[in-house]
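Q: I am attaching a structure below and will ask some questions about it afterwards.
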Amino acid sequence: MRTPMIAGNWKMNTTVEEAVALVKDMQKELEDISNVEKLVCPPFISLKAVSELLAKSSIKVGAQNMHYEDKGAFTGEVSPLMIKDICHYVIIGHSERRQYFNDDFYINNKVKAANKYGINPILCIGEKLEENQSGLTMDVIERQLEQALAGVEHIGNLVIAYEPIWAIGTGKSASAEQANDTIGAIRQKLGSLYNNKIASTLRILYGGSANAENIAELAGQSEIDGALVGGASLKPEQYISMVKQTSAVYNKK
Ligand code: PEP
């Protein structure tokens, strides 16, 4: 069985002190839960402090983005070389980065750079509202997968986050059945790009207004392997509850 993941994307929130305090709150409650992978993705500035705090913890640390070059004249950017020793994961292609920072062009290089440095990529894909309403969801997603994974030979450590853009930060989650169907179709596409065996082992998360109210239903679906969580991951009681509920769902699977 695939180990579910509850990943918190803190976006541009928390000072270093706030990040450390937030993690401490979560750690007390979550350290001993072993059937769910717990991941926090604070802003770059907090990664070192949080990773030191979690050095011996079962909670893992991820970055929200990175450049694909090792170093160079890229003012304001952070390279894989700089984060590889403090991050287990890196989020790549979040829709906010695609929208505000033209990340569409760099995603394939970023996936390759993550693989090169042994940082597990969490690749975000998802359609806009108008694409969803025009029945283009799978066209968009297949294109995003093909672009992101072009020339990528090894996907064993890849995590996909299916995040319909219309559900992110809107309070309007996709229904669990809807998300499950799309994630099943994503798995099939990965099977055709690689092979069904590897596709069946990859974790595919749902993201978009996931919270303590809907996580049990989402986690109970056959294809959904947890969630990438924005807003709710900044509220310790919500994040803790989401991990605990997912753990309970998987204990019964
Ligand atoms: C996200 O930022 O990846 C996300 C899913 O945000 P939210 O949970 O707030 O919709």
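Q: With a/c under 1.5 counting as rounded, go ahead and sort the chain into rounded, prolate or oblate using the C-alpha gyration tensor (a ≥ b ≥ c being the square roots of the eigenvalues; past the cut-off, prolate if a/b is larger than b/c, else oblate).
A: Rounded is the answer for the chain, as its axis ratio a/c remains below 1.5.
Q: In debye to the nearest 20, how big a dipole does the chain give about its Cα centre with +1 on each Lys and Arg Cβ and -1 on each Asp and Glu Cβ? Each step should come with its number before you reach the end.
A: Working: 26 positive and 30 negative charges, 115 e Å.
With only Lys, Arg, Asp and Glu charged at Cβ, the dipole is about 560 debye.
Q: Still on this model: Distance from a point 7 Å along Cα→Cβ of Glu69 to each backbone N in segment 81-117: keep the residues under 15 Å and list them by number.
A: Counting backbone N atoms under 15 Å from the label point, the list is 81-82, 106, 109-110, 113.
Q: Before rounding to the nearest 500, sum -39500 (n - 2.57) across all DSSP H runs of length at least 4 in the chain and divide by the residue total; then give [θ] at 222 nm in deg cm²/dmol.
A: So the helix-based figure for the chain works out to -13000 deg cm²/dmol.
Q: Have a look at Glu217, Glu130, Glu52 and tell me which one the Gaussian network model of the chain (Cα, springs below 10 Å) gives the largest fluctuation.
A: Comparing Glu217, Glu130, Glu52 in a Gaussian network model of the chain, the most mobile one is Glu130.
Q: Starting from the Cα of Asp104, step 7 Å along the direction of its Cβ; do the same at Glu17; then give the gap between the two resulting points in nm.
A: So the label points at Asp104 and Glu17 sit 4.2 nm apart.
Q: Another question about this same structure. As a quick test, which of the pairs Lys60/Lys253; Lys60/Lys244; Lys56/Lys197; Lys28/Lys116; Lys110/Lys235; Lys56/Lys110 have an alpha carbon distance above 26 angstrom in this structure?
A: Among Lys60/Lys253; Lys60/Lys244; Lys56/Lys197; Lys28/Lys116; Lys110/Lys235; Lys56/Lys110, the Cα-Cα distance tops 26 Å for Lys56/Lys197; Lys28/Lys116; Lys110/Lys235; Lys56/Lys110.
Q: Would you please give the FRET efficiency between Asn35 and Gln188, computed as 1/(1 + (r/R0)^6) with r the Cβ-Cβ distance and R0 = 41 Å, to the nearest 0.05? Walk me through the intermediate numbers first.
A: On the way: r = 26 Å, r/R0 = 0.64.
Plugging the Cβ-Cβ distance into 1/(1 + (r/R0)^6) gives 0.95.
Q: Rank these by accessible area, largest first, 1.4 Å probe: Arg97, Arg187, Arg143.
A: Ranked list, largest accessible area first: Arg143, Arg97, Arg187.
Q: Now a separate question. Hey, how many Å between the Cα centroid of segment 4-50 and the Cα centroid of segment 135-169?
A: 25 Å
Q: Could you work out how much longer the chain between Asp85 and Lys252 gets when fully extended? Use 0.36 nm per residue separation minus the Cα distance between them, nm to one decimal.
A: Gain on extension, Asp85 to Lys252, equals 56.6 nm.
Q: Something else now. State the Cα centre-to-centre distance between segment 60-96 and segment 211-240 in whole Å.
A: Centre-to-centre distance over Cα atoms comes out at 25 Å.
Q: Does segment 58-181 classify as rounded, prolate or oblate by the C-alpha gyration tensor (a ≥ b ≥ c root eigenvalues; a/c under 1.5 gives rounded; else a/b over b/c gives prolate, otherwise oblate)?
A: prolate
Q: Probe radius 1.4 Å, ligands and nucleic acids left out: which of Thr15, Thr75 has the largest accessible area, and how do the rest follow?
A: Greatest to least solvent exposure: Thr75, Thr15.
The values are calculated or read from the model by the stated rules, or taken from the named source; none is laboratory data. Predicted, not measured: the structure shown is a model, and the values here were computed from it. Here the Cβ is made from the backbone with ideal geometry for all residues, glycine too, and neighbour counts use every protein chain on show. All accessible areas refer to the heavy atoms of the entire protein, side chains included, with ligands and DNA or RNA removed. Shrake-Rupley method; radii C 1.70, N 1.55, O 1.52, S 1.80 Å.
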